[in-house]
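The values are calculated or read from the model by the stated rules, or taken from the named source; none is laboratory data. This structure is a prediction, so every number in the text was calculated from the model and none was measured. Methodologically, a virtual Cβ is constructed for each residue, glycine included, from the backbone with ideal geometry; neighbour enumeration extends over all protein chains shown. Accessible surface is based on the protein model in full, side chains and every heavy atom, while ligands, DNA and RNA are left aside. Shrake-Rupley method; radii C 1.70, N 1.55, O 1.52, S 1.80 Å.
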Amino acid sequence: MHFYSSLERDHGIIVEADPNVVRFCEQPLRIRIKLDGRDRETVIDMLVHFTDGRTQFREVKYASAVESAEHDSRLTRQLTAQQEWAFVTANDYKIVTDHEIRQKPQFLRNWKQILSHLAPYASYDLAKIESDILAAFDERDSWPLGYLANNVSLRDQQAVKAAIFRLIHGGLCTAPLDLFPLTNSLIISRGTK
């Protein structure tokens, strides 16, 4: 993925962490629309596809920039053009600001770690380890991350952690990632999916 600011990168992490998101694409299209008698051209930051079939176009901005933008500033023209395009084409559109993206800093820190841990395991078949992890919840409702990583499988501890993170990502396991740091004492529970 190529993001053009740290805020866009953080938004990408939040979207990637959402189990309700099937896929997403950064800068999916350049739009052109006539606004105030002039052609306006802009690129939308992201297109998000959800598990329920919905799609949403998103523009990522700092709230302070949006709030302080003058009536005929470049930013106001950009956002107005995107909103008008979304209305005319009947597309769902949302301006996402740093207030929403960075409202849970612990969650964001944890997912940065999780995604960097998962990257080397992208092509690994972790199904057997995931099955062993889910079977552990037949004995108890929750386990510390360190216990699962060390005792669930005879395989490599890092691969087991990757399997746990994939299960969390898919909603099959849960953890209070918005409240506690990603340590071996973090409690992992069975998810609802």
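Amide H to amide H distances under 5 Å link Val21 with Thr51, where only residues 5 or more positions off or on other chains count and H is placed in the peptide plane. Restricting the calculation to Cα atoms, the stretch 115-193 shows an Rg/Rh of 0.92 when the hydrodynamic-style radius is the Kirkwood one. Entry comment: accessible area of the stretch 34-193 is 56 Å² per residue, from protein heavy atoms only and a probe of 1.4 Å. Mind running the shape call on the stretch 149-189? Use the C-alpha gyration tensor, a ≥ b ≥ c as the square roots of the eigenvalues: rounded below 1.5 for a/c, prolate if a/b tops b/c, oblate otherwise. Because a/c hits 1.5 or more and a/b fails to exceed b/c, the stretch 149-189 counts as oblate. Compared with the direct C-alpha span, the chain from Thr76 to Arg102 gains 7.1 nm at full extension, assuming 0.36 nm per residue. In a DSSP loop and with at most 13 other Cβ atoms within 10 Å, the GluC sites (Glu not before Pro) in the stretch 22-75 are Glu70. For the chain, lysine pairs separated by 8 or more sequence positions, or belonging to different chains, with Cα-Cα distances below 21 Å total 10. Name the residue, out of Pro176, Pro19, Pro120, whose mean-square fluctuation peaks in a Gaussian network model built on the chain with Cα pairs under 10 Å. Most flexible of the set in this elastic network: Pro120. Hey, quick one: spin label on Glu67, modelled 7 Å out along Cα-Cβ, who in the stretch 78-105 has an amide N within reach, i.e. under 18 Å? Taking a point 7 Å out along Cα→Cβ of Glu67, the residues of the stretch 78-105 whose backbone N falls under 18 Å are 95-104.
Among 6-14, 27-35, the peptide with the highest mean count of other Cβ atoms within 10 Å heads the list, and the full ranking is 6-14, 27-35.
For the chain, the spread of Cα coordinates along the three principal axes comes to 67, 29, 27 Å, biggest extent given first. Taking the accessible area of the chain, probe 1.4 Å, and keeping the other protein chains in place, the carbon and sulfur fraction comes to 49%.
The angle separating the long axis of helix 157-169 from the principal Cα axis of greatest extent in the chain is about 50 degrees. With the simple model of a label 7 Å out from the Cα in the direction of the Cβ, Arg140 to Asn20 spans 3.2 nm.
Residue by residue, the stretch 114-130 carries 3J(HN,Hα) couplings of 4, 5, 5, 6, 6, 3, x, 9, 4, 9, 7, 8, 9, 4, 5, 5, 4 Hz when phi is fed to the Karplus relation 6.51 cos²θ - 1.76 cosθ + 1.60 (θ = phi - 60°); x denotes Gly or Pro. If R0 is 41 Å, the Cβ-Cβ spacing of Asn150 and Lys94 corresponds to a FRET efficiency of close to 0.45. Between Arg40 and Ile33, Lys34, Leu35, the built amide H atoms are under 5 Å apart, and every one of these is 5 or more places off in sequence or on another chain.
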